[in-house]
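Please treat every number below as a calculation from the coordinates, not as lab data. Not measured: the values here are computed from a predicted model. Don't worry about glycine lacking a Cβ; one is built from the backbone with ideal geometry, like all the others, and counts go over all protein chains shown.
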Amino acid sequence: MILMGESSLICNMAKQASRDREIDYSQIGRPQYREQTPADLQELLQAYLRSYQSIRYFRFRDPIAIREWQFKKIRHLVTHAFAKVPLYREKYAAAGLHPGDLRTWRDFELLPFVTKDELIAAWPNAIIAQGYTTEFTTRSSGSSGKFVTVAVDKQAVITDTLMGCRQIEAQSGGTVSSSDSSLLIYTCPWWFTSIGGLYPTIFISSGHQVEDAAAAVRALRPAVLSLYPSYLQRLAPQLQDIQRVGGKLVIVHSEQSTRTDREELSAVLRVLVLDEYSSEELTRIALECPKRRYHLEEDSCYLEIIDHQTGLSSKPGDVGEVVGTNLLNMATPLIRYKQGDLSSFPTHQEPCSCGSSFRQLSGIEGRVADCLVTPSGKLIPSGSLMDAAYRWFLDLSIPVHGIQYEIVQIKSGKVHVNLVSPYLRDSEQRESIRSTIQQQLQEIFNNECDIDVGYVDSIPARAGKHRPIRRE
Ligand SMILES: [Zn+2]
């Protein structure tokens, strides 16, 4: 049971801190934090009573019915965008398209993509639908350090909140209920703190020290913890008793984590640590279920995987670019939006024993900007290279202390691996590890690239963010 006085105290502290300095809105999140009003809360509660049950059971619906529902939603969205949003009207007109032409999924697949840079250039006048305001906005970082801002309509925020309730129910396998609280450790708070007292959410800034966050978890006893995986890495050693203080589920989001990372953290914490794949633009895209499969959130975002060379749908099993259509937001419609990530659909959509009929993704493979490319055009996602590097340390008995690596594609057919391993001194062992890594990467790169593996004393310093896997 949570002490509401205490939680609202922390929440108020957090909000105060956000006003002072803690929350860096320039980085990510909701630049215009607007306090919830009694009327908003009333509207949210009414929406919960009216539609939560249908949202909750939507993930068990027949896939054909889901597809039909999505198509209707998309047709409405495209018509709206064409009539009310200059960016889309101009794009579609230039391509000779009219919303009346949208009769089949094939027609939908002819609509031009929208990019982050286009959104940035169009903000605000050409991208906010006529009749909508900037009452709610959200922001995320764009390419070359620029930020993309989109307006969100209140109805979308409300539906998104209800989908958050379904998320914790689904990811916890039904063990978290409406009276359980969630603790969000993030850059900015969610718009609402509860639904008429149900699903209470407490916020603390990720600017706090992990010791303070661990103390907050013990005092507030949340059933769900939602945070960045990098923050959890630092927090986990202090939270081995999380189960004893009521913890049931940990959700990580907003940064890439590997399945191995999450399984290891689950073992430390003895609760499920699962991924939420989401973005400020597309909301929830896919969620990892207790069976560790990613299911699309079919009623918040319609997802496509696109071959980066042809712009057509990728074959199941092939890695391609994530393109999403936000099915909730009418204020800044996002239709066939290039998210900048890589993923793939599994070769077969096997039924999942969690019961969800939402389509599955094989996994999230990292950013398009970070992937390497073979001379024939095959994409090598940074995620699969990270997994490979992880295996080196497990399988090759490299002394873990002080290890660092980078994998850099210096030109089309040439990849350099720099390895720092100060405690690996035996020259025979060094040579054998070098050739094993070389062989393994040759295979990953389809034997199309020269792979050089060298030992260095330290990774050369570069300006900007450290990216161990990159294309130059
Ligand atoms: Zn599942």
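Would you kindly derive the ³J(HN,Hα) couplings of region 243-250 from the backbone phi angles with the Karplus curve 6.51 cos²θ - 1.76 cosθ + 1.60 (θ = phi - 60°), listing them in order in whole Hz, with x for Gly and Pro?
Residue by residue, region 243-250 yields 5, 5, 9, x, x, 10, 8, 10 Hz.
Please quote Rg/Rh for region 371-471 to two decimal places, taking the Kirkwood radius as Rh and restricting both calculations to Cα atoms. Can you show the working numbers first?
Working: Rg = 13.2 Å, Rh = 13.9 Å.
A ratio of 0.95.
What nm value, rounded to one decimal, do you get for the distance between S397 and T310 when each label is placed 7 Å out toward the C-beta?
Calculated label separation equals 4.8 nm.
Filter the cross-link list K116/K315; K116/K414; K154/K338; K72/K116; K91/K338; K91/K116 down to pairs whose alpha-carbon distance in this structure exceeds 20 Å.
From the list (K116/K315; K116/K414; K154/K338; K72/K116; K91/K338; K91/K116), the Cα-Cα distance tops 20 Å for K116/K315; K116/K414; K154/K338; K72/K116.
Can you work out the Karplus-derived ³J(HN,Hα) for every residue in region 292-298? Use 6.51 cos²θ - 1.76 cosθ + 1.60 with θ = phi - 60°, whole Hz, and x for glycine or proline.
Listing the rounded values in order: 6, 10, 8, 10, 5, 8, 5 Hz.
Put one equal scatterer on each alpha carbon of region 42-135, apply the Debye formula with no solvent term, and list log10 I(q)/I(0) at q = 0.13, 0.14, 0.17, 0.24 1/Å to two decimals.
-0.64, -0.72, -0.93, -1.14
log10 I(q)/I(0), Debye, Cα-only the chain, no solvent, q = 0.07, 0.09, 0.12 Å⁻¹?
Those come out to -0.39, -0.65, -1.17, one per q.
What net charge is computed for the residues neighbouring P375, neighbours being all others with C-beta under 12 Å from the C-beta of P375, Lys and Arg scored +1, Asp and Glu -1?
Working: positive: K378, K411, K414; negative: E448, D450.
So the surrounding residues net to +1.
Before rounding to the nearest 500, sum -39500 (n - 2.57) across all DSSP H runs of length at least 4 in the chain and divide by the residue total; then give [θ] at 222 nm in deg cm²/dmol. Don't skip to the answer; put the middle values down first.
Numbers: 12 runs with 159 residues, N = 472.
Value at 222 nm, helices only, nearest 500: -10500 deg cm²/dmol.
Counting Lys +1, Arg +1, Asp -1, Glu -1, what net charge surrounds A83 among other residues with beta carbon under 15 Å of its beta carbon? Write out the running numbers ahead of the final one.
Working: positive: R75, K84, R89, K91; negative: E90, D101.
It works out to a net charge of +2.
I need K91, K291, K73 ordered by Cβ neighbour count within 10 Å, fewest first.
Details: K91 21, K291 12, K73 15.
Lowest to highest Cβ neighbour count: K291, K73, K91.
Would you please give the FRET efficiency between R106 and A39, computed as 1/(1 + (r/R0)^6) with r the Cβ-Cβ distance and R0 = 51 Å, to the nearest 0.05? Could the numbers behind the result be given before it?
On the way: r = 43 Å, r/R0 = 0.85.
Given R0 = 51 Å and the Cβ-Cβ separation, E is 0.70.
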